[in-house]
1. Just need a number here: residues in region 26-57 that are outside any loop (DSSP other than H, G, I, E, B), surrounded by 13 or more Cβ atoms within 10 Å (Cβ to Cβ) and within 11 Å of the chain's Cα centre (by Cα).
2. Only one of (1) over 11 Å from the mean Cα position of the chain (by Cα); (2) closer than 15 Å to residue 1 by Cβ; (3) without any contact (Cβ under 8 Å) to a residue 12 or more places away in the chain is not met by residue 87, so which one is it?
3. Would you tally the residues in region 1-25 being without any contact (Cβ under 8 Å) to a residue 60 or more places away in the chain, touching a helix residue (DSSP H, G or I) at 6+ places or on another chain (Cβ under 8 Å) and not in a helix (DSSP H, G or I)?
4. Of all residues being assigned to a loop (DSSP other than H, G, I, E, B) and at pLDDT below 95 in region 65-87, which is nearest to residue 17 (Cα to Cα)? Just the residue, please.
């Protein structure tokens, strides 16, 4: 499963979101966390239809999006999304 965090340099909430993902990752040893900065990677942000930062996207092993949060998600929200990303 992949957790993608889309950030921007001027985003104070992005630091809080990094902390949420770091905490959730303690329970998700097989998860990959990728961070995309909208200023450095505008094409990637556009391809993901990013409108706000932070945005968190959780994908399953096939790359299908199972969760998207605009703003700071909670650890329980991320963990619930991770369960949806697990193989059936």
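The values are calculated or read from the model by the stated rules, or taken from the named source; none is laboratory data. In this text, all values refer to a predicted model and were calculated from it rather than measured experimentally. Neighbour counts are summed over all protein chains in view; Cβ atoms, including those assigned to glycine, are modelled from backbone coordinates with ideal geometry.
1. Step one: filter region 26-57 for residues outside any loop (DSSP other than H, G, I, E, B), giving 32-37, 42-47, 55-57.
Retained after the next criterion (residues that are surrounded by 13 or more Cβ atoms within 10 Å (Cβ to Cβ)): 33, 35-37, 44-45, 55-57.
With the extra rule that they be within 11 Å of the chain's Cα centre (by Cα), the set shrinks to 33, 35-36, 55-57.
Result for region 26-57: 6.
2. Checking residue 87 against (1) over 11 Å from the mean Cα position of the chain (by Cα); (2) closer than 15 Å to residue 1 by Cβ; (3) without any contact (Cβ under 8 Å) to a residue 12 or more places away in the chain, the one that fails is (3).
3. Of the residues in region 1-25, 4 are without any contact (Cβ under 8 Å) to a residue 60 or more places away in the chain, touching a helix residue (DSSP H, G or I) at 6+ places or on another chain (Cβ under 8 Å) and not in a helix (DSSP H, G or I).
4. Of everything passing the filter in region 65-87, 86 is nearest to residue 17 (Cα to Cα).
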